[in-house]
Amino acid sequence: MSVTVLTEAERNPRSRDTRSRRPRRRTSVNLLVGGVLFGIIAVVAILSLVALPFEPSDTTGGRLQPPSPEHWAGTDRLGRDLFTQLMIGARLAMLTGVGAVAIAAVLGVLVGLVAAMAGRWIDDALSSLLDIAIAFPTLLLAMLVVAWRGASLESAILAIGLAGSAVIARLTRVTATRVLAQDFVTASRTSGTGTLRLIRLHVLPNVWPTLIVPLALQFGGAVVAEASLSYVGLGSPPPNASWGRMLQEAQSTVLVAPTAAILPGLLLVATIIGINLLADGLRDVADPTGRTLR
Amino acid sequence: MSAMLEIENLSVHLDGPDGRRLVDDVSFDLADGQRLGVIGESGSGKSLTALAVLGLLGHPLSASGSIRLSLGDGDTVDTVSAPGRRLDGVRGRTVGAVFQEPLASLDPLMRIGAQLAWPLRRHRGFRADALRRAVLDALAEVQLPEPERIARSLIHEVSGGQRQRVAIALALAAEPRLLIADEPTTALDVTVQAGVLELLQAAVENRGMSLVFISHDLPVVAGIADRVVVMRGGRVVEIGDTRRILTAPREEYTRTLVGASRALDDLLPARPAGSDGPTSGGTE
């Protein structure tokens, strides 16, 4: 017995210490790195509304120039400033993410709560509908919406948001059902809490921590989906430079001017890593007990 | 003396084609200010009866028969047939409940003070500073130390006995006329049990409340109830004054119950006189 204790202590004298500290440290690193990455993109997106180094349609920069003090990221094959386009791309990415996640959250939580609270055949009907909606590929749905409404940023956001809402709805339904079965809901109803108040006081706060991470993942997914749609020409039309379209345009000149292809790709990756890390950190903050109902 | 609660031919059954009956033709009543013990083994239907009184049997359960709750102004409400919205107004003010597992019966993500504030606000109209003071008073009334700290805590940050005291404070907050305690001490340490029981007894006496005390523990029920209902398999086996049930049980099943707990008592020199001191754990 004592030998075991001794060797354990020798091998790792501060094991207790590190074990108790590790979760907290990881949380703050996630929050910090994610927040910084995501924050930079967000600031760039906001700056693009205030001022741009060049007009997006300014073609006086010379074709396919490498990065220079004047054109920080070089120019494209029409002589337009790439840094300007990257900034506009950041704005479109943020807009897509926020818009799609807002649609997914509002619609998804609403449908999920109705299914969970109503129960019986309404629940069965909604659940079957959700299963069908989830089985439908996002990009296919997006193409249908584009065919219906024409290629635009709004169509892309709507389609991506709709696809995401099905997943959020099912998650909300499952979690809310579990919360509603808890004794504290019964106890709260025992003191006369009505349905709406019950949702606001107990159901939403207990469902919310479960939704943060999926919603954040959807933010990243939405940015990628929009880039994919733009890449095949179904996203926001020119002259709005989405990162996806920049990738597509840079494809033919990638050997001559690689920065035009590398930079939008790097920004996409940075955005998604940033939001995912941020989500991880936020989850730990939102659930102080550390044991979300899953 | 008027009736606080009258249950007549209550049946609870599962929805669906086979519709199994879980509570079968149960009738008993409870006078104003009386303390009624309901005793029975797991699955005897005692908790379902309590939920039916609260009008909280959800899908897939439904009730038939009638449960008349007195509202105190001469009016009654039938919790079997009344619509949900009417019951929202009745629960809390007329009837409150304490459940078996205190950790589960409080919201894990809401500070204790905030949970207590809601019934105090809704049923007794406290606002702002008065509300804050009412929350602290409610915590002090259930003899919780440092009400300020407890009010700021989450439920997993306080000990088991303290949790049940918070749950009792929550049930008492709206000043109900009837308190339903469903196995309130079963999940607690024996030493903590005695304190919680004393507290319940004091609260019932001070406020002149009626009490339905549900348990499978005969000695506990005998200590707190004037009258006892013995249930088994969803039916009432026997009803009578506590003393009579203990000394001269009429039914075979009751005799077994009494015999079993007497046999246990004989083995022990005396019941441990417990106190509900601050227990360790969870507060780190």
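The values are calculated or read from the model by the stated rules, or taken from the named source; none is laboratory data. Quantities reported herein were computed from a predicted structural model and do not represent experimental measurements. Quick reminder, even Gly has a Cβ in these numbers, built from the backbone with ideal geometry, and neighbours come from all protein chains shown. SASA here: full protein model, heavy atoms, side chains in, ligands and nucleic acids out. Shrake-Rupley method; radii C 1.70, N 1.55, O 1.52, S 1.80 Å.
Name the residue, out of A:214, A:209, that is of a type outside the set (S, T, N, Q) and either modelled with pLDDT under 85 or over 28 Å from residue B:114 (Cβ atoms) (or both).
A:209
Just to be sure before I move on: is residue A:90 in contact with a helix residue (DSSP H, G or I) (Cβ under 9 Å, 6 or more places away or on another chain) and within 14 Å of chain B (Cβ to nearest Cβ) in the structure I sent?
Here the answer is no, as residue A:90 does not meet what is asked.
Return only the number of the condition from (1) in contact with a helix residue (DSSP H, G or I) (Cβ under 8 Å, 6 or more places away or on another chain); (2) away from chain A (no Cβ under 14 Å); (3) not acidic (Asp, Glu) that residue B:190 does not satisfy.
(1)
Given the criteria within 17 Å of the chain's Cα centre (by Cα), of a type outside the set (A, V, I, L, M, F, W, C), modelled with pLDDT under 85 and over 30 Å from residue B:85 (Cα atoms), does residue A:281 qualify?
When the stated conditions are applied, residue A:281 passes them.
Restricting to the stretch B:157-182, what's the tally of residues that are open to solvent by less than 10 Å² (accessible area, probe 1.4 Å) and within 18 Å of residue B:220 (Cα to Cα)?
6
Under 30 Å from residue A:237 (Cβ atoms), surrounded by 22 or more Cβ atoms within 10 Å (Cβ to Cβ) and in contact (Cβ under 8 Å) with a residue 40 or more places away in the chain: which single residue out of A:116, A:151, A:104 fits that description?
Only one candidate passes the filter, namely A:104.
Look at residue A:60 and say whether it is touching a Gly at 6+ places or on another chain (Cβ under 8 Å) and either farther than 21 Å from residue A:265 by Cβ or at pLDDT below 80 (or both).
yes
Which ones in the stretch A:120-143 are surrounded by 14 or more Cβ atoms within 10 Å (Cβ to Cβ) and without any contact (Cβ under 8 Å) to a residue 24 or more places away in the chain?
A:129, A:141
How many of the residues in the stretch B:28-44 are open to solvent by 10 Å² or more (accessible area, probe 1.4 Å) and under 15 Å from residue B:236 (Cα atoms)?
Selection size over the stretch B:28-44: 5.
Run down A:254, A:269 and say which single residue is within 14 Å of the chain's Cα centre (by Cα) and without any contact (Cβ under 8 Å) to a residue 60 or more places away in the chain.
None of the other options fit; the residue is A:269.
Please find, among B:96, B:74, B:89, B:65, the residue that is small (Gly, Ala, Ser) and within 28 Å of residue B:188 (Cβ to Cβ).
When all the criteria are applied, what remains is B:96.
Could you give me the residue pairs with C-beta distances under 7 Å whose first residue belongs to the stretch B:146-173 and is within 10 Å of chain A (Cβ to nearest Cβ), whose second residue is charged (D, E, K, R) and open to solvent by 10 Å² or more (accessible area, probe 1.4 Å) wherever it lies, and which are 6+ apart or on separate chains?
Pairs found: B:154/B:111; B:155/B:163.
Here is a check on your reading of the model: is residue A:45 part of a loop (DSSP other than H, G, I, E, B), closer than 26 Å to residue A:228 by Cβ and either touching a helix residue (DSSP H, G or I) at 6+ places or on another chain (Cβ under 8 Å) or open to solvent by 20 Å² or more (accessible area, probe 1.4 Å) (or both)?
no
Within the stretch A:158-181, identify whether any single residue is within 14 Å of chain B (Cβ to nearest Cβ), open to solvent by 10 Å² or more (accessible area, probe 1.4 Å) and not in a helix (DSSP H, G or I), and answer yes or no.
Among the residues of the stretch A:158-181, at least one is within 14 Å of chain B (Cβ to nearest Cβ), open to solvent by 10 Å² or more (accessible area, probe 1.4 Å) and not in a helix (DSSP H, G or I), which makes the answer yes.
Which of the residues belonging to the stretch B:198-236 are aliphatic (A, V, I, L, M) and without any contact (Cβ under 8 Å) to a residue 24 or more places away in the chain?
B:202
Quick check on this structure: which one of B:205, B:198, B:183 is farther than 26 Å from residue A:197 by Cβ, within 13 Å of another protein chain (Cβ to nearest Cβ) and not small (Gly, Ala, Ser)?
B:183
I need the full set of residues from the stretch A:205-217 which are open to solvent by 40 Å² or more (accessible area, probe 1.4 Å) and touching a residue at least 12 places away in the same chain (Cβ under 8 Å), in order please.
Scanning the stretch A:205-217 gives A:208, A:217.
Quick check on my filter: what residues within the stretch B:108-145 are in a helix (DSSP H, G or I), open to solvent by less than 40 Å² (accessible area, probe 1.4 Å) and within 11 Å of chain A (Cβ to nearest Cβ)?
Matches in the stretch B:108-145: B:115, B:116, B:117, B:118, B:119, B:120, B:123.
Kindly establish whether residue B:191 is of a type in the set (Val, Ile, Thr), part of a loop (DSSP other than H, G, I, E, B) and surrounded by fewer than 16 Cβ atoms within 10 Å (Cβ to Cβ).
no
Being more than 20 Å from residue A:219 (Cβ to Cβ) and surrounded by 14 or more Cβ atoms within 10 Å (Cβ to Cβ) narrows it down to one of A:84, A:60, so name that one.
A:84
Does residue B:121 satisfy the condition of being within 27 Å of residue A:179 (Cα to Cα) and modelled with pLDDT under 90?
yes
Taking the stretch B:1-27 only, how many residues are open to solvent by less than 10 Å² (accessible area, probe 1.4 Å) and aliphatic (A, V, I, L, M)?
Matching residues across the stretch B:1-27 total 7.
Look at the stretch A:183-194 and say how many of its residues are facing chain B (nearest Cβ under 8 Å) and either surrounded by fewer than 20 Cβ atoms within 10 Å (Cβ to Cβ) or assigned to a helix (DSSP H, G or I) (or both).
The total comes to 8.
For the stretch B:217-284, give me every one of the helices (runs of 4 or more DSSP H) that falls completely inside it and has 3 or more residues that are modelled with pLDDT under 90, on the phi < 0 side of the Ramachandran plot and open to solvent by less than 40 Å² (accessible area, probe 1.4 Å).
Qualifying helices (runs of 4 or more DSSP H): B:218-224, B:252-267.
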